[in-house]
Amino acid sequence: MKNRKKIIAALLAGAMTLSMGTTAFAAEAEDGYAVKATNTEAKSPDNDLVIAIEGSVSSMDPANIPDTSAISATRGCYEMLVHFNKDQELEGQLAESWEVSDDSLTYTFHLREGVKFSDGTDFNAEAVKANYDRVLDPENNLRQRRNFIETADDGTETPRVESVECPDEYTVVFKLTKAWSPFINRMTQFCIISPAALEEYGNDIMNHPVGTGPFICTEWEEGDHTTFEKNEDYWGEPASVDTVTIKEVPEAGSRTAMLQTGEADMVYPMPADQIQAISGNDDINVLTADSNIMRYVTLNMNLEPLSDVRVRQAMNYAIDKDAYIQVMYSGYGKPATSIVPSIIGGYEEQEAYTYDLDKAKELMKEAGYEDGFSLTLWGDNSTQEIKGMTFVQQQLAQINIDVEVLPMEPATVSDKIYVDEDEAEVNMWYVNWSASDFTMDGSVRSLLYSTMCPPVSANTAYFRNEEFDSLLDQGLATADEAEQADIYAQAQEIAWEECPWLFLGNDELLYSTKSYLSGAFVAPDGAFDFSQAVLAQ
């Protein structure tokens, strides 16, 4: 197992200009396709799947992953007790069934028997408990820990799970300290690692993945590729392909070229402005799907200009969201209408910040910033992210805000973001987020809750609102759907009016495959699934 770190800061000049007068190409989607292959009899030259992605697989420790690329990769070799299937239905994976007590405090999982980790050791109830204990141990400092911890205003932490019991080898019981509605959804992110491997490697498990999944990870070279081989002893339906290689290709044109030449069998994401380039290929599909991806820019409210809500609102009025969707995604998406996409449970549409330069300039004048100020904008150094940052830069220039675009390697951005507050240098962060558990709490707690500022989590707006926090806590404490909907509607209204972000949009997922590839797909949270991929021979 290799991990050659290639973290090189690259501060690129944002020299790209966008012509707002140009009409972007948008294909007509039909039956989930933007472009449908006509050569349906094509055959793959081999049985080795290659997926070219824009992002970076930043970790192979499923309890310590920050993004969907890493989630996607780890799911090749790790599994959970329960998961969402392709139709986003909750079903058992390593658990055959489960029950919830009437008071919603006890969850009992009945595990599959005869399952082994790829190191030959047994999967059982004690393995589940060992993984939970590892996540909850503060000394491990794992990102997933915050999913199972309630943090009070004074910083006091209380585990949401009172105990994990193993009454027999294939039964595990989670007893909660109080009713917590997202628990079962959070378990769809809780992967089970071999306890023997954890004992041997500790937190270096990221370089030695050992799970129960259909593939075995053989190489992880951060910044370049991740490789898997078929797990010949997999407990379920064996994988169809022999190997899978995830290639990290941030440049959009290069990914498209790889698909055209057959160097890649799947490309994700497929930039909308590249669709026309491959529309003449009869062996390529371009697929579309709804997403729960939120595109936004965080505004550091600790900075003097950004501490004024009028300035933050003005910045939102100064951005043409319809143009953003057209320029960035050729119309495959829609402007943001709340702090979460409409696919998230509890979504409530808000009054839009429509493009209104007069209103934006008026608010800037009221706040005393008619002549503007300067800011820096951080983001990943991929083609699409630079394009989005440049768009924001040009829009804010209309109200005299001078934005310096600073693209960086994803790992560099992460290192600069997750620092103590008194060391924070972030002004604005161009970023996107999706909640793999599809809950309101999962979508916004780690991004906007007061105690979730870096280095704990990604609240880089340093947004602190007691009423908002209280509403999120109330939403967790009730299982009444109507009451929960009302609570979350109030929370959305508060954050929407306070504008800790530039609310940009929710794009549709676009990805491309060779016509001979089936079974691989991208889920609404942006994670791609290759576990059931088939290459026609």
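Per-structure values
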quantity: Calculated on alpha-carbon atoms, Rg and Dmax of the stretch 261-392 in Å; calculated: 18.1, 58
quantity: Nonlocal amide H pairs with A239, under 5 Å, H built at 1.01 Å; calculated: N231
quantity: Largest-first ellipsoid semi-axes for the stretch 189-235, taking √(5λ) over the Cα gyration tensor eigenvalues, angstrom; calculated: 17, 16, 9
quantity: Karplus-derived 3J(HN,Hα), 6.51/-1.76/1.60, for each residue of the stretch 221-235, Hz, glycine and proline x; calculated: 10, 4, x, 9, 7, 10, 10, 10, 10, 4, 7, 5, 10, 4, 5
quantity: Cα-only radius of gyration and Dmax that characterise the stretch 56-163, units Å; calculated: 15.4, 46
quantity: Around A489: net Lys/Arg minus Asp/Glu count, Cβ-Cβ under 10 Å; calculated: -4
quantity: Convex hull (Cα only) mean projected area of the stretch 418-537, reported in nm² to one decimal; calculated: 10.3
quantity: Most to least accessible of W98, W180 (protein chains only, probe 1.4 Å); calculated: W98, W180
quantity: For the chain, alpha-carbon Rg relative to the globular expectation (2.2 N^0.38 Å, N residues); calculated: 0.96
quantity: Protein accessible area in the stretch 302-448, 1.4 Å probe - carbon and sulfur %; calculated: 41
quantity: With all protein chains modelled, accessible area of K178 [1.4 Å, Å²]; calculated: 100
quantity: The chain: relative contact order as a whole-number percent, Cα under 8 Å and 6+ apart; calculated: 23
quantity: Mean Kyte hydropathy of -1.0 or more with a Cα span along the axis of at least 24 Å, helices from DSSP in the chain; calculated: 481-498
quantity: Assigned charges on the beta-carbon of Lys, Arg, Asp, Glu; the stretch 223-368 dipole about Cα centre (debye); calculated: 700
quantity: Globularity ratio of the stretch 133-182, using Cα Rg and 2.2 N^0.38 Å; calculated: 1.27
quantity: Counted charge near G114, where neighbours are those whose Cβ lies closer than 13 Å (Asp, Glu -1; Lys, Arg +1); calculated: -3
quantity: Probe 1.4 Å, all protein chains present, accessible-area order of S307, S118, S59, largest first; calculated: S307, S118, S59
quantity: Relative intensity, log₁₀ I(q)/I(0), of the stretch 240-296 from a Debye sum that treats every alpha carbon as a point, q = 0.29 Å⁻¹; calculated: -1.32
quantity: Cα centroid separation, the stretch 299-317 to the stretch 189-231 (Å); calculated: 43
quantity: Surface accessible to a 1.4 Å probe, D420 within the full protein complex, Å²; calculated: 80
quantity: Residues of the chain: accessible area per residue with a 1.4 Å probe, Å²; calculated: 40
quantity: Cα principal axis extents for the stretch 489-537, largest first, Å; calculated: 55, 17, 13
quantity: Too-long pairs where the Cα-Cα distance tops 26 Å, listed order kept, from K321/K361; K43/K387; K334/K387; K359/K416; calculated: K43/K387; K359/K416
quantity: Convex hull projection area averaged over all views, the stretch 126-233, Cα basis, nm²; calculated: 9.0
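The values are calculated or read from the model by the stated rules, or taken from the named source; none is laboratory data. What you see is a predicted model, and the numbers here were worked out from it, not measured in a lab. Because the Cβ atoms are built from the backbone with ideal geometry, glycine has one as well, and the counts that use them run over all protein chains shown. Quick note on the areas: whole protein, heavy atoms, side chains included, nothing else; ligands and nucleic acids left out. Shrake-Rupley method; radii C 1.70, N 1.55, O 1.52, S 1.80 Å.
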